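S.K.: Below: one structure in structure tokens.
Nothing in this text is a laboratory measurement; each read-out follows from the coordinates by a stated rule. Only a predicted model underlies this, so the values are computations on that prediction, with no experimental measurement involved. Here the Cβ is made from the backbone with ideal geometry for all residues, glycine too, and neighbour counts use every protein chain on show.
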Amino acid sequence: MDLLSNILISVMIAATPLVLAATGELVAERAGVLNLGVEGMMVTGALAAFAALMATGKIAWALTAAVVAGTGMATLFAVLALSLRANQVAAGLALTMFGLGLSALAGQGYSGQSAGAFPRLHLAGLSDLPLLGKLLFAQDGLIYLSLALLAATSWLMERTRLGLILRAIGDNHDAAHAIGHPVLAYRYGATLFGGAMAGLGGAYLSLVETPLWAERMTAGRGWIALALVVFAAWRPWRVLAGAYLFGAVTILGLHSQAFGIKIDAQLLSMLPYLVTIAVLVIISRDKMRMKLTAPACLGKPFHAAA
Amino acid sequence: MVRLEPRLVPSRAVGYLAPIIAIALAFAAGMALFAALGRPPLEAMQLIFLEPLRSLRGISEILVKATPLILIAIGLGVGFRAGVWNIGAEGQFTVGALMGGSLALAVYPVTGWWLLPLMALLGIAGGMLWAAIPAFLRTRCNTNEILVSLLLSYVAVLLLSTLTHGPLRDPDGLNFPESRLFQTALPVIIPGTRAHVGFLVALAAVALAWLLLEHQLLGFKLKVLGQAPRAARFAGFAEPRLVWFSLLLSGGCAGLAGLLEAAGPVGQLVPALPAGYGFAAIVVAFLGRLEPLGILVAGLLLALISIGGEMAQIAMSLPSASIATFQGMFLFFMLAADVFVNYRPRWQPRRDSAPLARSAAAAAE
């Protein structure tokens, strides 16, 4: 039972950075902005959080730094892709390259240091419950934060006026503009929110999952988060399902040796990428459904004159 | 307030100016970056941009570095024009090197004049094979080729690492994760240096791509598909075939580049073979404005910067990541400068009228 609960906990830990980053990207994509720079924003967030923790020793500052870094990176993208109407695919790629390079450059002094164990929640009584106690009530605070942010995003996108406007802008920016909504302002907001969430996702990596800083430590998680948004058909709660499924695959791969399955460890590390591709294929196969679920203006530049 | 106003006709002058402006801006940003790192900026820039051109060794190394960049970017540029976003060239490069290189290792120590051409063919086939996966998935299963091709890069790099740690490891070596040295090497074009025939192959690719894009119906179809997908559909251009063509071409180019890198300057299979060429080539393709001749110039320029960057790394102990940062900034500035090809900045005093009022006024006219 202890093994099972440990495995479930590591699944949650593997899934949380993806939940955070994918939730942010989902909001941006719902508003019609395709930001392929998630990887770059995550890795900058990871470094910013780690550096701030090392400097201040305070987790609150680490998280703030990650949010600021992610938002700053997203601002670069927004200026390029929204104000200057550059191609969003290219601008996103540039952001990823820049983020990977800049974080490697700025993070040199931090490689090899360790952040130490992240404090876990402990609720007297509840956390000591047998079986589920540890699983449900003794995680690090960021897991609960990720779930709360996801719930808030879901409510915001599907139950509020703001969400309706954002979705309208993503589906038909010309119509939204015609009835008086400032399309670019909303898109800026959504993009920056995506950056902040990606920054937090990165912070989770460098503070909790592997509490240290290493160059390129995101190892493609930003891209997997992008795939999760497609997997989720742009619905917030499905992001959670996708991320946890993905976390499960990763962890099962890691633990398969414990179950006596003898596969090369490096081959196993390919598993997450292959599973992501397989899932993408299954989800996208129905062309009609994809057309109906994807935001209609995704990746299209907007200019008021047209 | 500055507003962007669409131009009636894209500006040719700005089209030529944009890369120059981007380079100037990247230059300025690079100086700021080096100053922030506490290195004398002018000296660093001089090391990066001029030092490699001062010696035959420097120039030949630029040709070595430019070969994969140009070759990959030529293929990518064709696809990008058609709106087919193959961003997994890194993986196709790796699989090309792996397949071509495996042939040499399989027949070792037999060698002959036939070995290199066969390796090159297998390299192309390997790159095409890896690119065929996103092509198949996009045309048959409607799956986004951006994500698939990128995710496959991670798989390819892990595959190379697994194989060089295991089956392909040099049996006579010291257990390092590397294959044995190939029994054959690419002919060198400048005696006494590492510059190899691969550069001539890259030049040929530039010429062929120019012919294809400017003088063939296929090139025109690709352009239409990229700029006006609906028009392409009405005109009856078969989209799946163009997607297949773009991906196989870019995959084949990347695979060949991988094999040339393995059989040329490296001479064996090592886990670190890919070294980011597939991603840097994306910068090259955009910097060259997706035009073959532009890509040739951009590839040489980026190669100059990386060789100069390596020299600066040694001379001023600059971190290696500073060049990657520089490349990212380059792409940023290029994309920003590119906007002014199609749009004109206009100074406009701020007005308070809501968009609604404005469109109503327009309708009344």
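S.K.: Could you tell me the calculated FRET efficiency between A:Thr160 and B:Ala35, based on Cβ-Cβ distance and R0 = 60 angstrom, to the nearest 0.05? If you can, show how the numbers build up before the last one.
M.R.: On the way: r = 47 Å, r/R0 = 0.78.
For R0 = 60 Å, the calculated efficiency reads 0.80.
S.K.: At 0.36 nm per residue, and after removing the present C-alpha to C-alpha distance, how many nm does the segment from A:Ala219 to A:Ala185 gain when stretched out fully?
M.R.: Roughly 9.0 nm would be gained on extension.
S.K.: Next question, about the same structure. Using a Förster radius of 30 Å, what is the FRET efficiency between B:His215 and B:Val110 based on their Cβ-Cβ separation? Nearest 0.05, please.
M.R.: 0.10
S.K.: Still on this model: Name the shape class, rounded, prolate or oblate, that the alpha-carbon gyration tensor gives for the range B:1-92, where a ≥ b ≥ c are the square roots of its eigenvalues, rounded holds for a/c under 1.5, and otherwise prolate holds if a/b is larger than b/c and oblate otherwise.
M.R.: oblate
S.K.: Tell me, how many Å apart are the Cα centres for the range B:159-223 and for the range A:196-213?
M.R.: 37
S.K.: So how compact is the range B:155-254: Cα radius of gyration and Dmax in angstrom?
M.R.: Cα only, the range B:155-254: 20.7, 62 Å (Rg, Dmax).
S.K.: Separate question: Which residue, chosen from B:Pro68, B:Leu181, B:Pro191, occupies the Cα position most advanced towards the positive end of the dipole of chain B, where the dipole is computed from +1 (Lys, Arg) and -1 (Asp, Glu) charges on Cβ about the Cα centre?
M.R.: So the residue furthest toward the plus end is B:Pro68.
S.K.: Here's another thing I want to ask about it. What percent does the relative contact order of chain B come to when contacts are Cα pairs within less than 8 Å and at least six residues apart?
M.R.: Worked out over chain B, it gives 35 percent.
S.K.: Counting Lys and Arg as +1 and Asp and Glu as -1, what is the net charge of the other residues whose Cβ lies under 12 Å from the Cβ of B:Leu4?
M.R.: Result for the local shell: +4.
S.K.: In whole angstrom, note down how far apart the Cα centers of the range B:333-349 and the range B:291-328 are.
M.R.: Answer, in whole Å: 26.
S.K.: Also, I was wondering about something else. Convert 37 °C to kelvin, take the viscosity as 0.692 mPa s, use the Kirkwood radius over C-alpha pairs of the range B:142-204 as Rh, and evaluate the Stokes-Einstein diffusion coefficient in µm²/s, rounded to a whole number. Could the numbers behind the result be given before it?
M.R.: Numbers: Rh = 15.0 Å.
Calculated translational D: 218 µm²/s.
S.K.: Dipole of the protein assembly as shown, Cα-centred, from +1 at each Lys and Arg C-beta and -1 at each Asp and Glu C-beta, to the nearest 20 debye?
M.R.: Value, rounded to 20: 1720 debye.
S.K.: What value does the protein assembly as shown have for Rg/Rh, both radii from Cα atoms and Rh as Kirkwood defines it?
M.R.: 0.97
S.K.: I would also like to ask the following. Under unit Cβ charges (Lys, Arg +1; Asp, Glu -1), what dipole magnitude, rounded to 20 debye, does the range A:2-293 have relative to its Cα centre?
M.R.: In total the dipole reaches around 560 debye.
S.K.: Can I ask one more? Report the normalised scattering of the range A:153-233 as log10 I(q)/I(0) at q = 0.11, 0.24 Å⁻¹, calculated by the Debye formula with identical scatterers on the alpha carbons.
M.R.: Here log10 of I(q) over I(0) equals -0.42, -1.17.
S.K.: Quick one: which residues, 5+ away or cross-chain, put their amide H under 5 Å from the amide H of B:Glu5? H built at 1.01 Å from N.
M.R.: Under 5 Å from the amide H of B:Glu5 lie the amide H atoms of B:Arg344, B:Arg346, each far enough along the sequence or on another chain.
S.K.: Nearest 10 degrees, 0 to 90: what angle lies between the long axis of helix A:183-204 and the longest principal axis of chain A (Cα atoms)?
M.R.: Helix A:183-204 sits roughly 10 degrees off the main axis of chain A.
S.K.: Can you pull the one-decimal nm distance between simple spin-label points at B:Ala24 and B:Ala132, each 7 Å off the Cα toward Cβ?
M.R.: Reported label-point gap for B:Ala24 and B:Ala132 is 4.9 nm.
S.K.: Next question. If you average the alpha carbon positions of the range B:84-101 and of the range A:1-44, how far apart do those two centres end up, in angstrom?
M.R.: The two parts, judged by their Cα centres, are 28 Å apart.
S.K.: By the scheme Lys and Arg +1, Asp and Glu -1, what is the net charge of all other residues having a beta-carbon under 13 Å from that of B:Leu186?
M.R.: Result for the neighbourhood of B:Leu186: 0.
S.K.: Could you tell me whether chain B comes out rounded, prolate or oblate from its Cα gyration tensor? Rule is a ≥ b ≥ c as square roots of the eigenvalues, rounded for a/c under 1.5, then prolate if a/b exceeds b/c, otherwise oblate.
M.R.: oblate
S.K.: Another one. Using the charge dipole of chain A (Lys, Arg: +1 at Cβ; Asp, Glu: -1 at Cβ; taken about the Cα centre), state which of A:Ala90, A:Gly37, A:Thr293 has its Cα farthest towards the positive end.
M.R.: Projecting each Cα onto the dipole axis, the largest value belongs to A:Thr293.
S.K.: Considering only the other residues whose Cβ falls under 11 Å of the Cβ of B:Asn142, what net charge follows from Lys and Arg at +1 and Asp and Glu at -1?
M.R.: With Lys, Arg at +1 and Asp, Glu at -1, the net is +4.
S.K.: Working from the pairwise distances between different alpha carbons, so that the mean of 1/r is found and then inverted, what is the range A:2-293's Kirkwood radius in Å?
M.R.: 19.5
S.K.: To the nearest 10 degrees, how steep is helix B:56-81 against the longest Cα principal axis of chain B, on a 0 to 90 scale?
M.R.: The angle comes out at about 50 degrees.
S.K.: With unit charges on the beta carbon (Lys/Arg positive, Asp/Glu negative), name the residue among B:Leu218, B:Pro229, B:Phe93 whose Cα is farthest towards the positive pole of the charge dipole of chain B.
M.R.: B:Pro229
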